[in-house]
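Just below is one structure, and these are the notes that go with it.
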Amino acid sequence: MSRKLCLYTDWETGFTHATRWVEQAAQQSFLDERQTAVIFPNSVVANQLRKVLASRGTTFMNVHFWTPTAFRKRMLHGLSGLLSIASYKELHLIASSVAADWVSDKWSRSTETDLNILLRVLGLLNNFELVHAQVPKELRNIADLAKNFHKVLREQGLQTVSEADCCLVSHKWQKKFVSLLVFGFHGGYWSLFPLLSLAHQTTEKLEVVLENPSETSFNLDRSWIESWERLMDVKATLLGGLEWKKRSFDHVEFLTEPTTYNLAWAIALRASKMVVEGAKTVAVVFSAYGPLSREVALALNRLRLPYFDGIGHTCLYSPEKNHWREWCIFQEAPTAQSLSEFLALLPDQVQTIDLLREASRETLSQDIHVCTRFASLHGDREKDWRKLSSFSLLPERSSLDEFCKKTTGEFIRLGWTKEADCLLACQTRLQRPDRLLLKRDAFLCWLQKALREKYQLQDPMGSHPYATIQLVLRDQAALCPWTHVILAGMNAGQWPDSGEQNSSLTPVILNLCQSIATTDIKFPGNSPFNMGKNPSALGHCIPSLFQKEQTVTQRRDFQSLCKAPNLVATAQMRNNDVTDCPSVWFSELYERYGKTGEGFRTHFPSSQPYVPFIAATSPDKLVWKARTDRLDPTIPFGRWEFVAPPPSSPLEITVADAERIWKEPAIAWMKIFLGVGPAEMPESSTTRVGTWVHRWLRNLCVSAADWARLPDKSSRREIILAASEGTRTAVEKSYRAIQRQLPSYWTLTWKQAQSFAVECSNHLETFRPRFPYISTEHSFRNVRVGPFIIHGRWDLLLSTRLPESDPAPYPFVNTSMVVVDYKTGKRSLNATSPLFNGRDTRIKMQLSLYTQAALANGALQVDAACIAPHCNAGQNCIQLSSKELEEIQPLLLSIGRILREGVFGMRGKLYRGFTSYNKMPLATLPITQDILESKWELTQKNLLAMG
């Protein structure tokens, strides 16, 4: 057998050596038809090597390029008797079950990091046989938890990846490969050592090529190399130079932009320029997947540059197929709001939703039991109430088997057979699901991970593995030689990132490692560290496997990338904004090269970089131009921001729409043009007070469609008290049915509404002598006002005489009237309020629309009055003159222009349904607050200038 261990001082030397080895092995395997394999840390390295070999005409017949995962799968294939490897979601499920009763302030059961720590503790206990007395007292709890976790895992017929690797090591292997190369692994890959050690048993000719330790990671890599020397029983030899040296750059640039979008375009344009200048390999390196990586990919698509997206972007299937997700949200937080959002996805549930929302508003509660009981009091809506009560809740705690039975039954009832089958398939992987006791939240977390269908997607332009431009992660890029490197988004928290060091259990594992390092270690028989040598020599390296491991690895990656001849460091930096801070590594580079003049520093303008307009189809041009203009802070919001043609004139809106357009114009636009109403939010107590006041005052008239004489003050009080008492009785009955007391906050809110209603009623006494007739909540439709056709409803109409019995076409002919609008919010109104001197545009416009609607129905003269608690009753009647009505016309024209041109940007909360799944107005595209405010100011100036 031939064994060789080589070290390289720089990646160019190591990569050249690996290329030569593969080229020779490929020629030999082609001749003797025997298998040869190469194991790389990731596929990016393999792609780069294939690209070089393909350019030389090398044939890859009988040569396998494997990542560790592919190598493990190949070795496990055909072996019988091995337990299945647990998926991450299954490990999380079992850990949740095991730790459910374990009380510790160090264990945050929901964090992914703590599961990783638990697996590391378990790996240590599997590789080092520590007796109970050798484990420090403060660490015995976590050690016992890890052992219990391992026991339950075995009971369910599963094992961890590290256990599977240890089983492979203990297996007796024949020589499967004539030659095998292990290339590019360093001390940060300690967890893969058992798997990689299989290469020693399965090949006749083994060569391992590793990086010579640098000063940054000397302890970690020195221990790693010593382990390989003991395994292969050879001494490492050095390739190339004698030692690692810092390399000076040929070219350095520093690039900053104020927004993610601008930075992405600047990076894409810089990469394209590198290609034009003849760059052989360009790596655009990111710390993690995020908005920046996605925007860079979109920019390269727009530039029509072939590239390879080694990151991709995660896509979920259409929400039409994922109604079960809303069901899970409802089960996690069973409220009236979550149930109504789930019901909205099901067919024929509109009336049921209305009933549920009404129950929630009346009871001032989101409690499902209270709302369901209140809904049952509607005897005329028994069918809707039965639909509502058919949705049961999962228990707070039960076995996995019981949870699955109840969930499967519910899925089948709802017609989700595919999801039910998938759930059963996931359950059958566990041999004893009845032994796993879980809380409901833990089960639902597992369920969503088990049923979620997602996939990594690459754009067509980003699916070229041998392209010059490669979008890669930091750990992928650090293992390849590049001629040009762009470090993307070097902001604090990303380069380096915080990693696992924020875990609450990190001190636990560090202490356990230290105890192992200072203990007489005993290795189990199948441990990969049992090499027949002195095992205690491994003790000094154990803490270095974990202590600051993430930072050391990231620092090594950064230094490897900085060896590229041409380097561009980028960061997002806004002017006068302390929220965007450069990382320490960006600062190091700038201190070294940005100020000394040894490199070049490029300033890009703070505004959006020039983007060449590529020929495309007409709709694409409009969409792209709208999107580009939207993210440019130097221009107002544009005509095609929504990219949807407005309907023909005139526009039909309600009075509420006209008021909303000033506060939340995008939401009003979606409602008017797309038919999508604003998001249903839990109603506040203030809003409910207003609803009760309006409803109780409605009873002052027999019917909203009829007219009657205005009752006197005492009669009005009796009517209001009777109506309010009916509301209280119905709500109290629903609470008592589930053995609960009526909450004090409900009683206080109800008393406040009752007081407000009586007070508003008392103010009507001022009008009773002149206007003895009343109609409440009278609706009007198809009233032409300026550029609109208005629909709405008056709160209260007071008239000098009974209107004509035949309402068509002018029901208020020859009648003087008062239009009354109730205001029960927090704001108090009086005659000297800005409302009546023109500054409160929204309310004045609302009164104007009500007045013009009454005039359009034949009234001779119409006064407008706002009635609110604690206001001056004697000065409520305010007549809007014809001049004042004319002043409203420009405002209405402005509203029409805003709606038609969509030149207002995003204000207020978005409707939840506008997500990445649906077609949406570009005005819903999120942009940073500073750009939003700049564009908003420019837009409003333009609107004011237009009159």
**Options GLU591, GLU598; residue that is surrounded by fewer than 15 Cβ atoms within 10 Å (Cβ to Cβ), out of contact with any Asp or Glu (no Cβ under 9 Å at 6 or more places or on another chain), at pLDDT 80 or above and not aliphatic (A, V, I, L, M)** = GLU591
**Message:** Please go through (1) closer than 30 Å to SER293 by Cα; (2) surrounded by fewer than 17 Cβ atoms within 10 Å (Cβ to Cβ) for ARG432 and return the number of the only condition it doesn't satisfy.
**Reply:** (1)
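Every residue, every condition in (1) part of a loop (DSSP other than H, G, I, E, B); (2) at pLDDT below 75; (3) out of contact with any Pro (no Cβ under 8 Å at 6 or more places or on another chain); (4) not assigned by the TED database to the domain that holds ARG784, yes or no:
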residue: PRO645; (1), (2), (3), (4): yes, yes, yes, yes
residue: GLU659; (1), (2), (3), (4): no, no, yes, yes
residue: ILE672; (1), (2), (3), (4): no, yes, yes, yes
residue: VAL676; (1), (2), (3), (4): yes, yes, yes, yes
residue: GLY690; (1), (2), (3), (4): no, no, yes, no
residue: ARG695; (1), (2), (3), (4): no, no, yes, no
residue: PRO711; (1), (2), (3), (4): yes, no, yes, no
**Request:** Give the residue, chosen from ARG740, ARG716, ARG728, ARG781, that is in contact (Cβ under 8 Å) with a residue 24 or more places away in the chain, among the charged types (D, E, K, R) and either in a helix (DSSP H, G or I) or under 26 Å from THR800 (Cβ atoms) (or both).
**Result:** ARG716
**Message:** So for region 372-394 (the condition being among the acidic types (Asp, Glu), modelled with pLDDT of 90 or more and not assigned by the TED database to the domain that holds LYS733), does at least one residue qualify?
**Reply:** no
**Asked** Which numbered condition trips up TRP707, out of (1) in contact with a Pro (Cβ under 9 Å, 6 or more places away or on another chain); (2) at pLDDT 90 or above?
**Response** (2)
**Asked** Cβ-Cβ below 6 Å, separation at least six or inter-chain, first residue in region 560-573 and basic (Lys, Arg), second part of a loop (DSSP other than H, G, I, E, B): which pairs?
**Response** LYS563/ARG247
**Fill in**
Of the residues in region 742-795, those that are more than 30 Å from GLU652 (Cα to Cα), open to solvent by less than 30 Å² (accessible area, probe 1.4 Å) and β-branched (Val, Ile, Thr) come to THR749, VAL758
**Asked** For region 304-404, which fully contained strands (runs of 3 or more DSSP E) count at least 2 residues that are open to solvent by 30 Å² or more (accessible area, probe 1.4 Å)?
**Response** 313-316
**Prompt:** Quick one: VAL472 ticks every box in (1) β-branched (Val, Ile, Thr); (2) open to solvent by less than 70 Å² (accessible area, probe 1.4 Å); (3) part of a helix (DSSP H, G or I) bar one, so which box is it?
**Reply:** (3)
**Request:** Find all pairs meeting these conditions: Cβ atoms under 8 angstrom apart; at least six residues apart or on different chains; first residue within region 346-374 and at positive phi; second residue open to solvent by 70 Å² or more (accessible area, probe 1.4 Å) and modelled with pLDDT of 90 or more.
**Result:** LEU364/TYR745
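ALA873: at pLDDT 85 or above and either in contact with a helix residue (DSSP H, G or I) (Cβ under 9 Å, 6 or more places away or on another chain) or among the aliphatic types (A, V, I, L, M) (or both), yes or no? Full working, then the answer.
Details: at pLDDT 85 or above: no; either in contact with a helix residue (DSSP H, G or I) (Cβ under 9 Å, 6 or more places away or on another chain) or among the aliphatic types (A, V, I, L, M) (or both): yes.
For ALA873, the condition - at pLDDT 85 or above and either in contact with a helix residue (DSSP H, G or I) (Cβ under 9 Å, 6 or more places away or on another chain) or among the aliphatic types (A, V, I, L, M) (or both) - is not met.
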**Message:** Based on this model, can you work out whether LEU438 counts as of a type outside the set (Asp, Glu), in contact (Cβ under 8 Å) with a residue 24 or more places away in the chain and assigned to a strand (DSSP E or B)?
**Reply:** yes
**Request:** Scan LYS151, LYS137 and give me the residue that is open to solvent by 50 Å² or more (accessible area, probe 1.4 Å), outside the structural domain of SER197 (by the TED database), more than 18 Å from MET75 (Cβ to Cβ) and modelled with pLDDT under 80.
**Result:** LYS137
**Message:** Which condition from (1) over 38 Å from the mean Cα position of the chain (by Cα); (2) in contact (Cβ under 8 Å) with a residue 40 or more places away in the chain; (3) open to solvent by less than 50 Å² (accessible area, probe 1.4 Å); (4) within 22 Å of GLN174 (Cβ to Cβ) is the one that SER2 breaks?
**Reply:** (3)
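The values are calculated or read from the model by the stated rules, or taken from the named source; none is laboratory data. Source: prediction; values computed, not measured. When we count neighbours, we look across all protein chains shown, and the Cβ atoms used for this are built from the backbone with ideal geometry, even at glycine. The area values use the complete protein model at the heavy-atom level, side chains included, leaving out ligands, DNA and RNA. Shrake-Rupley method; radii C 1.70, N 1.55, O 1.52, S 1.80 Å.
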